[in-house]
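Accompanying notes for the structure given below.
The values are calculated or read from the model by the stated rules, or taken from the named source; none is laboratory data. Just so we're clear, the structure is a prediction, and the values are computed from it rather than from any experiment. Neighbour counts run over all protein chains shown; Cβ positions are idealised from the backbone, glycine included. Protein only, heavy atoms only, side chains kept; ligands, DNA and RNA dropped before computing areas. Shrake-Rupley method; radii C 1.70, N 1.55, O 1.52, S 1.80 Å.
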Amino acid sequence: MAMMATAMLVPGVVAHAATYPAALLPPNSTAQAWGVSARIDHAAHDCTVHATIDQARFTTQMPQMIAAGIFSARLTPDLIRSTPHYLMNTLQTDISPGFVHALFTQTGAPARCRFTWDYVAPGPSGALISHPMLSFDVTRATHDRIDWPHLKFGDMAGHEDAVSVDRIFDAQVNQETLDITMALAHDGTDTDAPP
(Lines give C-alpha, C1' and ligand atoms only; values in the text may rest on other atoms or scores of the structure.)
Protein backbone atom coordinates (compact mmCIF):
# COMPACT_ATOMS: atom_id res chain seq x y z
CA MET A 1 0.00 0.00 0.00
CA ALA A 2 2.23 2.80 -1.26
CA MET A 3 0.44 6.00 -0.29
CA MET A 4 -2.73 4.82 -1.97
CA ALA A 5 -4.98 6.77 0.36
CA THR A 6 -2.97 9.95 -0.11
CA ALA A 7 -3.44 9.76 -3.85
CA MET A 8 -7.14 8.97 -3.49
CA LEU A 9 -7.98 11.40 -0.71
CA VAL A 10 -5.99 14.47 -1.69
CA PRO A 11 -6.32 14.52 -5.47
CA GLY A 12 -4.60 17.16 -7.51
CA VAL A 13 -2.59 18.65 -4.67
CA VAL A 14 0.19 19.51 -7.07
CA ALA A 15 -1.95 20.36 -10.11
CA HIS A 16 -1.85 24.05 -9.22
CA ALA A 17 -0.61 25.93 -6.21
CA ALA A 18 -3.42 27.23 -4.05
CA THR A 19 -2.86 30.28 -1.85
CA TYR A 20 -2.33 29.58 1.85
CA PRO A 21 -4.49 28.89 3.82
CA ALA A 22 -6.52 26.91 1.28
CA ALA A 23 -8.64 23.86 2.14
CA LEU A 24 -6.62 20.65 2.33
CA LEU A 25 -9.55 18.53 1.17
CA PRO A 26 -11.71 19.33 -1.84
CA PRO A 27 -15.47 19.55 -1.22
CA ASN A 28 -17.20 16.14 -1.15
CA SER A 29 -13.86 14.31 -1.10
CA THR A 30 -13.47 10.60 -0.53
CA ALA A 31 -11.76 11.43 2.77
CA GLN A 32 -14.84 13.27 4.00
CA ALA A 33 -17.07 10.38 2.95
CA TRP A 34 -14.86 8.08 5.01
CA GLY A 35 -15.07 10.33 8.08
CA VAL A 36 -11.91 12.45 7.77
CA SER A 37 -11.94 16.23 8.04
CA ALA A 38 -9.14 18.80 8.20
CA ARG A 39 -8.86 22.51 8.75
CA ILE A 40 -5.99 24.99 8.99
CA ASP A 41 -5.86 27.36 11.93
CA HIS A 42 -3.46 30.23 11.39
CA ALA A 43 -2.64 33.43 13.21
CA ALA A 44 0.38 35.58 12.48
CA HIS A 45 3.21 33.06 12.06
CA ASP A 46 1.43 30.13 13.74
CA CYS A 47 0.04 27.27 11.67
CA THR A 48 -1.87 24.24 12.91
CA VAL A 49 -3.62 21.63 10.80
CA HIS A 50 -6.39 19.94 12.77
CA ALA A 51 -7.38 16.56 11.32
CA THR A 52 -10.24 14.52 12.74
CA ILE A 53 -11.63 11.05 12.10
CA ASP A 54 -15.31 10.41 12.84
CA GLN A 55 -15.00 6.90 14.26
CA ALA A 56 -18.61 5.88 13.56
CA ARG A 57 -18.47 6.98 9.91
CA PHE A 58 -14.98 5.48 9.53
CA THR A 59 -16.19 2.10 10.81
CA THR A 60 -19.31 2.20 8.63
CA GLN A 61 -17.20 2.99 5.55
CA MET A 62 -14.65 0.18 6.10
CA PRO A 63 -16.17 -2.00 3.33
CA GLN A 64 -15.63 0.85 0.84
CA MET A 65 -12.04 1.37 2.05
CA ILE A 66 -11.39 -2.37 1.77
CA ALA A 67 -12.84 -2.37 -1.76
CA ALA A 68 -10.56 0.58 -2.64
CA GLY A 69 -7.52 -1.36 -1.42
CA ILE A 70 -6.79 0.87 1.57
CA PHE A 71 -7.22 -2.05 3.97
CA SER A 72 -6.90 -5.81 3.59
CA ALA A 73 -9.91 -7.80 2.44
CA ARG A 74 -9.03 -10.24 5.25
CA LEU A 75 -10.38 -7.86 7.87
CA THR A 76 -13.52 -9.40 9.31
CA PRO A 77 -16.36 -7.32 10.77
CA ASP A 78 -15.42 -8.58 14.26
CA LEU A 79 -11.78 -7.60 13.76
CA ILE A 80 -12.82 -4.16 12.48
CA ARG A 81 -15.00 -3.63 15.57
CA SER A 82 -12.26 -4.79 17.96
CA THR A 83 -9.34 -2.79 16.49
CA PRO A 84 -10.68 0.70 15.62
CA HIS A 85 -7.75 2.64 17.10
CA TYR A 86 -5.20 0.55 15.21
CA LEU A 87 -7.14 1.04 11.96
CA MET A 88 -7.62 4.79 12.50
CA ASN A 89 -3.90 5.12 13.27
CA THR A 90 -3.09 3.26 10.04
CA LEU A 91 -5.32 5.62 8.06
CA GLN A 92 -3.78 8.75 9.61
CA THR A 93 -0.30 7.37 8.83
CA ASP A 94 -1.35 7.06 5.19
CA ILE A 95 -3.19 10.39 4.95
CA SER A 96 -0.83 12.67 6.91
CA PRO A 97 1.76 12.94 4.11
CA GLY A 98 -0.98 14.13 1.75
CA PHE A 99 -1.96 16.88 4.19
CA VAL A 100 1.70 17.87 4.65
CA HIS A 101 2.23 18.00 0.89
CA ALA A 102 -1.03 19.87 0.26
CA LEU A 103 -0.09 22.48 2.84
CA PHE A 104 3.51 23.11 1.82
CA THR A 105 2.73 23.32 -1.89
CA GLN A 106 0.42 26.27 -1.21
CA THR A 107 1.74 29.67 -2.21
CA GLY A 108 2.70 31.59 0.92
CA ALA A 109 2.72 28.53 3.22
CA PRO A 110 4.59 29.10 6.49
CA ALA A 111 8.02 27.64 7.24
CA ARG A 112 6.62 25.27 9.90
CA CYS A 113 3.24 23.81 10.79
CA ARG A 114 1.88 21.63 13.59
CA PHE A 115 -0.36 18.71 12.54
CA THR A 116 -2.75 17.38 15.17
CA TRP A 117 -5.01 14.34 14.90
CA ASP A 118 -7.99 13.36 17.00
CA TYR A 119 -11.03 11.19 16.56
CA VAL A 120 -14.61 11.74 17.66
CA ALA A 121 -16.89 9.05 19.03
CA PRO A 122 -20.26 9.11 20.78
CA GLY A 123 -20.03 9.40 24.57
CA PRO A 124 -22.48 7.97 27.11
CA SER A 125 -25.05 10.68 26.32
CA GLY A 126 -24.68 10.14 22.58
CA ALA A 127 -22.90 13.46 22.03
CA LEU A 128 -19.62 13.30 20.13
CA ILE A 129 -16.52 13.44 22.30
CA SER A 130 -13.07 14.32 20.94
CA HIS A 131 -10.17 11.99 21.77
CA PRO A 132 -6.58 13.05 21.00
CA MET A 133 -4.44 10.76 18.85
CA LEU A 134 -1.11 12.44 18.07
CA SER A 135 0.58 15.59 16.85
CA PHE A 136 3.80 16.50 15.08
CA ASP A 137 5.59 19.41 13.43
CA VAL A 138 6.88 19.50 9.86
CA THR A 139 8.97 22.25 8.27
CA ARG A 140 8.89 23.37 4.65
CA ALA A 141 12.59 22.48 4.42
CA THR A 142 11.82 18.90 5.50
CA HIS A 143 8.92 18.76 3.04
CA ASP A 144 11.22 19.85 0.23
CA ARG A 145 13.71 17.04 0.98
CA ILE A 146 11.07 14.26 0.70
CA ASP A 147 10.92 12.27 -2.55
CA TRP A 148 7.16 12.75 -2.99
CA PRO A 149 6.72 10.80 -6.26
CA HIS A 150 8.25 7.68 -4.65
CA LEU A 151 6.88 7.99 -1.10
CA LYS A 152 5.65 4.71 0.41
CA PHE A 153 3.50 3.92 3.42
CA GLY A 154 5.32 4.93 6.61
CA ASP A 155 8.17 6.75 4.80
CA MET A 156 7.37 10.07 6.45
CA ALA A 157 8.06 8.70 9.93
CA GLY A 158 11.31 10.20 11.07
CA HIS A 159 10.75 13.40 9.08
CA GLU A 160 8.45 14.78 11.78
CA ASP A 161 9.58 16.96 14.69
CA ALA A 162 8.13 17.25 18.20
CA VAL A 163 6.03 14.11 17.85
CA SER A 164 3.57 13.68 20.70
CA VAL A 165 1.33 10.61 20.98
CA ASP A 166 -1.56 10.63 23.42
CA ARG A 167 -0.81 8.10 26.17
CA ILE A 168 -4.29 6.53 26.16
CA PHE A 169 -4.49 6.34 22.37
CA ASP A 170 -0.99 4.83 22.22
CA ALA A 171 -1.96 2.12 24.73
CA GLN A 172 -5.11 1.32 22.73
CA VAL A 173 -3.16 1.09 19.45
CA ASN A 174 -0.51 -1.12 21.07
CA GLN A 175 -3.10 -3.52 22.48
CA GLU A 176 -5.01 -3.66 19.20
CA THR A 177 -1.76 -4.17 17.26
CA LEU A 178 -1.20 -7.32 19.29
CA ASP A 179 -4.81 -8.40 18.77
CA ILE A 180 -4.80 -7.84 15.00
CA THR A 181 -1.36 -9.42 14.57
CA MET A 182 -2.47 -12.52 16.44
CA ALA A 183 -5.78 -12.70 14.58
CA LEU A 184 -4.18 -12.37 11.14
CA ALA A 185 -1.33 -14.74 12.05
CA HIS A 186 -3.88 -17.28 13.26
CA ASP A 187 -5.72 -16.79 10.00
CA GLY A 188 -2.50 -17.56 8.10
CA THR A 189 -2.25 -14.10 6.56
CA ASP A 190 0.81 -11.93 5.99
CA THR A 191 1.22 -9.51 8.91
CA ASP A 192 4.15 -7.56 7.42
CA ALA A 193 1.88 -5.08 5.66
CA PRO A 194 -0.77 -2.94 7.33
CA PRO A 195 -4.29 -4.36 7.08
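Zone of D41 (label point 7 Å along Cα→Cβ, backbone N under 20 Å): which residues in region 83-97? 96, by backbone N distance to the label point. Taken per residue, the accessible surface of region 86-153 reaches 40 Å², heavy atoms only and a 1.4 Å probe. Label positions at A67 and A111, each projected 7 Å from the Cα along the C-beta direction, are separated by 4.8 nm. Under a Gaussian network description of the chain, with springs only between Cα atoms under 10 Å, the residue in I180, I129, I80 that fluctuates furthest is I129. Each Lys or Arg adds one and each Asp or Glu subtracts one; over the other residues with Cβ under 10 Å from the Cβ of H131, this totals -2. At full extension, T177 and A141 could sit 9.7 nm farther apart than now, given 0.36 nm per residue minus the alpha carbon distance. In a GNM of the chain with a 10 Å cut-off on Cα contacts, which of W117, W148, W34 has the highest mean-square fluctuation? Result for the chain, Cα springs under 10 Å: W148 fluctuates most. Which residue fluctuates the most in the chain, going by a Gaussian network model with Cα springs under 10 Å, if the choices are T181, T59, T90? The residue with the greatest mean-square fluctuation here is T181. Bridge orientation summary for the chain: considering DSSP beta bridges with both residues in this region, about 75 percent are antiparallel.
In terms of packing, defined here as the mean over residues of other Cβ atoms within 10 angstrom, the peptides 133-143, 37-47 line up highest first as 133-143, 37-47.
The local environment of T60, defined by Cβ-Cβ distances under 12 Å, has a net charge of +1 under the rule Lys, Arg +1 and Asp, Glu -1. Shape analysis of region 68-143 places it in the oblate category; the axes a ≥ b ≥ c from the Cα gyration tensor give an a/c of at least 1.5, with a/b not above b/c. At q = 0.16, 0.21, 0.25 Å⁻¹ the log10 of I(q)/I(0) for region 96-188 amounts to -0.85, -1.07, -1.21, computed by Debye summation with a single uniform scatterer per C-alpha, solvent ignored.
Computed over the alpha-carbon atoms, the chain gives an Rg to Rh ratio of 0.96, Rh here being the Kirkwood radius from the mean inverse distance.
Summing Lys, Arg as +1 and Asp, Glu as -1, what charge do residues with Cβ under 12 Å from the Cβ of S37 carry, S37 excluded? Counting the neighbours of S37, the net charge comes to 0. Evaluated with a Cβ-only charge set (Lys, Arg +1; Asp, Glu -1), region 8-153 carries a dipole of roughly 140 debye about its Cα centre, given to the nearest 20.
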